[in-house]
Every structure is written in structure tokens, then in C-alpha cells.
Amino acid sequence: MIQRVLRRADRFQQSHEPFAFAYGVIKKFGDDRGSQLGGLIAFYGFLSFFPLMLVVVTLTAFLAHGNAHLAEQIRTSALRQFPVVGPDLAGNVKALPGSGVGLAVGLVGLLWGALGVTQSVQYAFAEVWHIPYKDRPAFLVRVLRGFTLFALLGGGVVVTAFLASLGSLLGHSVIAGVAGFGVGAVVSVALYLTVFRMLSPGRVPWRDLLAGAVVAGVGWQLLQSIGVALVQHQLRHSSQLYGTAGVVLGLISFLVLAAQVTLYGIEINVVRTQRLWPRSMLPETLTDADREILLTLAAQEVRRAGQQVTVVFDDGASR
């Protein structure tokens with residue numbers, strides 16, 4: 001009975017392109033161990049979050065010297081991206097004291113410690129696009145890309161603070177909320193598109209990265225809007241009851257959800273660009289997309305220029 005139901009569902013999804021595409025994205029997410037990649041990004045994101053926030057808060061305090069209101073607005077806008085835990089973080093993250101060489105050395109050290117999340121994001125992109133290990137960027141290139149990602153995030157914080165100041169002029173009406181969501185979504189899509197272009201293979205044109213950027217950008221905005229309900233479902237009043245532990249759990253939960261949204265955006269681009277659908281729901285049958293995925297997963301393991309990988313299927317087909 002289960003086999004009959006699966007065959008009917010498989011025939012239905014393969015014969016209807018929207019369902020076939022959606023299943024192809026979900027299936028490839030599983031093939032790429034997307035949950036593990038998301039957990040890796042969330043883990044390093046958590047380790048990198050507080051050093052990075054120290055850098056942001058310290059730099060904004062330095063650049064906005066003499067304008068405490070501007071520095072506070074930027075800091076609050078940055079931490080507002082994290083529902084549930086944002087108010088707690090805003091009250092605990094302070095600027096580093098000092099000036100001159102000592103402060104510069106401290107900031108460089110914090111940035112270096114925060115590179116873990118950019119490295120894990122780059123690793124996730126390479127895994128999802130099935131880039132062979134021998135073709136992946138060298139260490140110095142990855143470090144430079146990591147600092148570029150930090151610059152993009154910093155620019156996003158500044159733009160968010162500016163939009164927040166404009167939103168306060170409109171009040172708290174429904175129109176203001178819709179306008180704020182729309183403008184924020186546009187900014188998020190543009191930021192995701194820039195990151196996707198920087199970390200995706202160069203042969204992929206901009207237009208083929210737009211669909212995933214739109215899904216990820218809108219998903220990020222929705223996550224911020226409904227993130228309170230999603231996280232508080234398990235952690236309602238956790239910061240009051242459990243103190244620091246509640247803040248930590250809330251932050252990790254939000255980072256995991258954000259990583260999942262980003263990874264699904266990447267998967268959409270890969271499946272759409274390489275036309276990796278329809279996929280089979282039955283293990284004993286393989287579609288052309290299934291074979292292509294298995295081939296690229298094997299070719300991804302090539303680590304030296306002289307190494308070759310051959311894949312042979314049960315029906316005698318090989319490559």
C-alpha cells in the first residue's frame with residue numbers, strides 16, 4: 001500500500017512542474033546534507049556573533065563620535081534583526097574602551113575570530129554547487145572574501161538604521177508597516193543577490209541568481225516579522241526565566257532558521273540553473289536529474305588535478 005501511494009505521488013509530482021521543482025529543491029537539500037550545513041553556519045554564527053557585534057558597536061561609536069543618538073540608533077537597528085533576544089543583547093553589548101593602536105589590534109583580533117562564520121558560508125556554497133575540492137579557492141582568497149562579507153553586512157546595518165529612522169517619521173500605522181517590510185525586503189534581496197554573485201561559480205549569470213535571492217530576501221524579512229512567534233513558541237519569556245541561557249537558546253534558534261532560509265535560496269538557484277528536476281521519490285528508479293546529482297556528488301570529491309572519478313550505475317551506464 002505504501003509503495004502504491006508513493007508511486008502515485010511520484011507520478012503526480014513529476015507530471016506537474018511546480019511540484020516537481022519544489023520536490024527537486026527539497027530532495028537536493030537532503031542530498032547536500034543541508035541540515036548539517038545549516039547547523040554548521042549557525043554554530044560558527046553564534047561563536048562569531050558577539051565578537052562581530054563588539055566590532056560594529058565600537059566602530060559606530062568611534063565614527064559617530066559626538067553624536068550619541070546616531071550611534072545608539074545604529075546599534076539598536078543592528079540588534080533589532082534578532083527577535084526575542086534583541087532587547088537583551090542591546091542592553092549588554094557595549095563599545096570597547098580605549099583608542100589608538102591598542103583598539104585597532106583588538107578590533108583586528110575580533111574580526112579574525114569572527115571569520116569562522118564566513119568560512120562556513122563559503123563552504124556551504126561550494127557544497128551546494130558541488131564544486132570539486134581541487135577547484136575551491138585558496139585560504140587567502142577565502143579570507144579576503146570573508147572581510148568583503150563583513151563589509152556587506154556593515155553596509156546593510158547602516159542602510160537598516162537609515163530606513164528605521166525614516167520609518168519612525170511615518171509612525172506605527174499599517175501603511176508604515178507594509179512600506180517598511182517592502183523596502184526592507186528590497187534591501188535584503190539586493191544584499192543576498194550580491195552575496196550569491198560573489199560566492200557562486202563565475203559562469204552563472206546574475207539573472208540565474210535572482211530567484212534564490214528573492215526567496216531568501218523575502219524569507220529573511222518574514223523571519224524577522226514572525227520570528228518572535230516562531231522562537232517564543234518554545235522559549236516564551238525565556239530571558240526572564242532562564243536569564244543568559246534563554247538568550248543563548250533564542251539566538252541559536254534564530255540563527256538556525258536564518259541559515260535554513262539562506263541555504264534554500266542557494267538550492268533554488270542551483271536546481272533552476274542546472275534544471276535538476278524532476279526527481280524520483282522511489283529509490284529503485286532514477287531520473288536524468290537523479291543521475292546528474294549522483295555524478296556531480298562523486299566528481300565533487302576530486303582533490304588533485306590528476307585524479308579521476310568514474311561512476312557506474314546498475315543498468316551499465318557510466319561516466
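The values are calculated or read from the model by the stated rules, or taken from the named source; none is laboratory data. It should be emphasised that the depicted structure is a prediction, and the values quoted were computed from it without experimental measurement. Note: ideal-geometry Cβ built from the backbone for every residue, glycine included; neighbour counts use all protein chains shown. Ligands, DNA and RNA are stripped out before the accessible areas are found, and what is left, the full protein with its side chains, is counted by its heavy atoms. Shrake-Rupley method; radii C 1.70, N 1.55, O 1.52, S 1.80 Å.
Figures for the structure shown
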read-out: Computed E for residue 178/residue 210 - FRET, C-beta separation, R0 22 angstrom, nearest 0.05; value: 0.45
read-out: Residue-span extension gain [residue 123 to residue 2] - 0.36 nm each, minus C-alpha spacing; value: 39.8 nm
read-out: Amide H partners (placed H, <5 Å) of residue 279, local residues excluded; value: 24
read-out: Residue-level accessible surface for residue 4, protein heavy atoms, 1.4 Å, Å²; value: 130 Å²
read-out: Stretch gain in nm, segment residue 314-residue 147, where the contour uses 0.36 nm per residue and the Cα spacing is subtracted; value: 55.5 nm
read-out: Simple label model, 7 Å out from Cα along Cβ direction - residue 133 to residue 301, nm; value: 1.0 nm
read-out: Gain on full stretching of the segment that runs from residue 17 to residue 140 - 0.36 nm per residue minus C-alpha separation; value: 40.1 nm
